[in-house]
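A.B. asks: Let me begin by handing over the structure; questions about it come next.
The values are calculated or read from the model by the stated rules, or taken from the named source; none is laboratory data. Just so it is clear, the model here is predicted, and its values are computed rather than measured. Note: ideal-geometry Cβ built from the backbone for every residue, glycine included; neighbour counts use all protein chains shown.
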Amino acid sequence: MLTARCPCGSDKPLEQCCALYHRGLPAPTAEVLMRSRYSAYALGLIDYLRTTTLPAQQAGLDLQAISAWSLESSWLGLTVESAEEFDGQPAHARVTFTAHWRDAGGEHSHRECSAFVRAGNAWYFIDPTVELRASRNDPCPCASGQKFKKCCSAFF
């Protein structure tokens, strides 16, 4: 019996890799979260993409556009270039990667350095396409209890 390989490129079976996180296990690192989000795009798991985005940004996501891109594309692979975690309360991270896909317009790739924050035991993607209405002295949208300028502002 063949088992499906995980789309994230780990060479592990999906059920022993990203499916664990898609079913609710918190990703242990920002890189694992990013890989599981790529797999979610490949598998059409739009709810997972929403719930792993910073909660303060979830209402601003265009879920129809995300769903269309996910379902109308063939996901060709993921290359992770680097992953850096920054200690602190809360912890932050950056993951640089290139995602490859094919759609009606041909083959494409997108290189990005994504930002993440850990709140409690969960990592969240900080979506640069969703505007946050936070000024320097407002409470940080990650719910750390700190002011925005002392927490996530450097990652937006």
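A.B. asks: Tell me, which residue of the range 102-121 that is among the basic types (Lys, Arg) and surrounded by 12 or more Cβ atoms within 10 Å (Cβ to Cβ) is farthest from residue 155 (Cα to Cα)?
C.D. replies: 102
A.B. asks: May I pose another question? Restricting the range 86-121 to residues that are among the aliphatic types (A, V, I, L, M) and not in a strand (DSSP E or B), which is modelled with the lowest pLDDT?
C.D. replies: Across the range 86-121, the extreme among qualifying residues is 91.
A.B. asks: Only one of these conditions is not met by residue 72: (1) acidic (Asp, Glu); (2) farther than 20 Å from residue 150 by Cα; (3) modelled with pLDDT under 95. Which number is it?
C.D. replies: With respect to (1) acidic (Asp, Glu); (2) farther than 20 Å from residue 150 by Cα; (3) modelled with pLDDT under 95, residue 72 is out only on (3).
A.B. asks: Oh, and also: Tell me, which residue of the range 11-31 that is outside any loop (DSSP other than H, G, I, E, B) and touching a residue at least 60 places away in the same chain (Cβ under 8 Å) is farthest from residue 110 (Cα to Cα)?
C.D. replies: Per the stated criteria, the residue is 30.
A.B. asks: Quick one: which residue in 58, 64 is polar (S, T, N, Q), touching a helix residue (DSSP H, G or I) at 6+ places or on another chain (Cβ under 7 Å) and surrounded by fewer than 18 Cβ atoms within 10 Å (Cβ to Cβ)?
C.D. replies: After applying the criteria, what remains is 58.
A.B. asks: Now for a different question. Look through the range 122-136, keep the residues that are surrounded by 10 or more Cβ atoms within 10 Å (Cβ to Cβ) and in a loop (DSSP other than H, G, I, E, B), and return whichever of them is farthest from the chain's Cα centre (by Cα).
C.D. replies: Residue satisfying both the conditions and the ranking: 135.
A.B. asks: Okay, next question. Could you grab the pairs with beta carbons closer than 7 Å, sequence gap of 6+ or different chains, first residue in the range 129-155 and touching a residue at least 12 places away in the same chain (Cβ under 8 Å), second one part of a loop (DSSP other than H, G, I, E, B) and of a type in the set (Lys, Arg)?
C.D. replies: The qualifying pairs are 148/136; 149/136; 153/136.
A.B. asks: Hey, another quick one. Under 6 Å by Cβ, and 6 or more places apart or on different chains, what pairs join a residue from the range 91-119 that is under 16 Å from residue 129 (Cβ atoms) with one that is charged (D, E, K, R)?
C.D. replies: 113/94; 115/94
A.B. asks: Residues that are part of a strand (DSSP E or B) and surrounded by 15 or more Cβ atoms within 10 Å (Cβ to Cβ): does the range 37-54 have at least one?
C.D. replies: yes
A.B. asks: Would you call residue 156 among the aromatic types (Phe, Trp, Tyr), at pLDDT below 95 and in contact with a strand residue (DSSP E or B) (Cβ under 9 Å, 6 or more places away or on another chain)?
C.D. replies: yes
A.B. asks: Also: Being loosely packed, with under 13 Cβ neighbours inside 10 Å and more than 17 Å from the chain's Cα centre (by Cα) is the filter here; which residues of the range 73-101 pass it?
C.D. replies: 74, 87, 89
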